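A short reminder: the numbers here are calculations on the coordinates, not readings from a lab. Keep in mind it's a predicted model, so treat the numbers as computed, not measured. No Cβ is skipped: glycine too gets one built from the backbone with ideal geometry, and neighbour counts run over all protein chains shown.
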Amino acid sequence: MGSALIVNGGNYLYNLLLGRLLGPEAFADAALLVTLLLVLSFVGMTFQLATTRFAVLFSGDNWSAFKNTMYKYALIFGVISGSVILFFSKYLQQIFHTQNHWMFVIFAIGTPLYFVMSVNRGRFQGKQEFTKLAGTYQTEMWSRLILTFAFLWFLPLEPGILIAIGIGLSFVFGLIPSNLNSIQIFSKNQLKGDELKKVWIFIGLTAGYELTQIIINNSDVLLVKHFFNSIDAGLYASLALIGRVVYFVAWMFVMLLMPTVMQKHKDGESTAPVLFKYVFFIGSLSTLIVIACYLMPETIINMMFGSAYISVAHLLWQYALATSLFAISNIFAYYFLSLNQYAPVVLSGLLGMSQVVLITFFHSSLTMVVQVQIIAMVVLLIAQVLFFLFKNTKRDNKSISL
């Protein structure tokens, strides 16, 4: 937990320094690469969580076969993903109006390493080797922070290219610590039969939920980069970074929520009070952040990014409100996931797609982009609450009939 706080703080500092150093226009390209990195991390989390789960369930030959299989899948998926990004690099330049396509080429080259690193982290997490798990996050974060700004200060190349190089090299450092000697990707000892089926089912469910997270968390930044000029895209990226503080803090509560709910459910105790407690925590924190963003938006933006970003200050509280609604909805989603109920995942996916559709059709201004997200998140939260009430009413009626 301590390491996670340091890593999140370091990554946040990385973004803030980029925004202050580059200015809104150049920061738009940097924010695009950071957003692609976030997308990559959500996909990588599928491999990490699957490896974590089955590192606990499998042992002996099954564990060895599973380990070989996961590294093989990660490498294949990474090469395919990197090849797709590489092939469409010039097309991506046109879509997102970047200064060059080489930033995508460099990012694509490092992609396979990220998925191998994700499996590595799953091994450490599943085997409870938390020192090594913390180490791989630290080496990735610090190498990216130090190398990127060293490159920006000393090398006369376009910022997008230098940032992409820094990200790519951080994947190499993220493999430290690592023990890949025991891995035989092309060995005949691969997982088969029912065990492989279980792995694929879990990967499919996890990938589905991570996809909803990708859509809701990152689609707005990508769409704004496409529909607006570089200056507006950079301004919006700074807005998004500040507003998402709520989401990152809420994630720390989610890590505590899930095991508590699972244990109480296993013991036959009521789980609803746990949900109410964490909704209250996140709701209270979110309210304070939204109020602060409403009362002193210019002070916050000037302190974090500088005077060049002041023009979007009036939107800060609205974006923080949208993020807060999503964070509270996420508490409900993870609560039901802890109880093996997947309907909220479907709800998140549908509302995530509706957010994309709304921004695609209603983007005459940055104000409208933020406000349609508020609408989507209000609908999502109402849907989650109604589902909770439905499940609890159904359970109560069943208890009465018995």
With 0.36 nm assigned to each residue of separation and the Cα-Cα distance removed, Met368 to Val356 gains 3.0 nm
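Computed FRET efficiency, Cβ-Cβ of Leu157 and His265, R0 41 Å: what is it to the nearest 0.05?
Computed FRET efficiency for Leu157 and His265 comes out at 0.15.
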Semi-axes of the equivalent ellipsoid for the chain, please: Cα gyration tensor eigenvalues, times 5, square-rooted, ordered largest first, whole Å. 33, 30, 19
Which net charge results for the neighbourhood of Gln99, defined as the other residues with beta-carbon distances under 13 angstrom from its beta-carbon, given Lys and Arg at +1 and Asp and Glu at -1? -1
If you add up the charges near Gln48, with Lys and Arg at +1 and Asp and Glu at -1, over every other residue whose beta carbon is less than 12 angstrom from its beta carbon, what do you get? +2
Cα-based shape type of segment 62-190, given that a ≥ b ≥ c are square roots of the gyration tensor eigenvalues and the cut on a/c is 1.5: oblate
In nanometres, the difference between 0.36 nm per residue of separation and the alpha-carbon distance of Glu195 and Thr299 is 31.9 nm
Got a sec? Charge dipole of the chain, +1 on Cβ for Lys and Arg, -1 for Asp and Glu; which of Leu285, Ile331, Gln48 is way out at the positive end? Gln48
By Cβ neighbour count within 10 Å, fewest first, Leu21, Leu241 rank Leu21, Leu241
Which values of log₁₀ I(q)/I(0), to two decimal places, follow from the Debye formula for segment 2-218 at q = 0.16, 0.17 Å⁻¹ with a uniform point scatterer at every Cα? -1.11, -1.22
Order of Glu298, Glu158 - criterion: other Cβ atoms within 10 Å of each residue's Cβ, fewest first: Glu298, Glu158
Which is farthest toward the positive dipole end of segment 244-401 among Thr299, Ala313, Val357, measuring Cα position about the Cα centre, with Cβ charges +1 (Lys, Arg) and -1 (Asp, Glu)? Val357
With an 8 Å Cα cut-off and a minimum separation of 6 or more residues, compute the relative contact order for the chain in percent. 19
Taking just the C-alpha trace of segment 244-401, give me its Rg and Dmax in Å. 17.9, 64
Starting at the first residue of segment 345-350, write each ³J(HN,Hα) from the Karplus equation 6.51 cos²θ - 1.76 cosθ + 1.60 with θ = phi - 60°, in whole Hz, x for Gly and Pro. 5, 5, 4, 4, x, 5
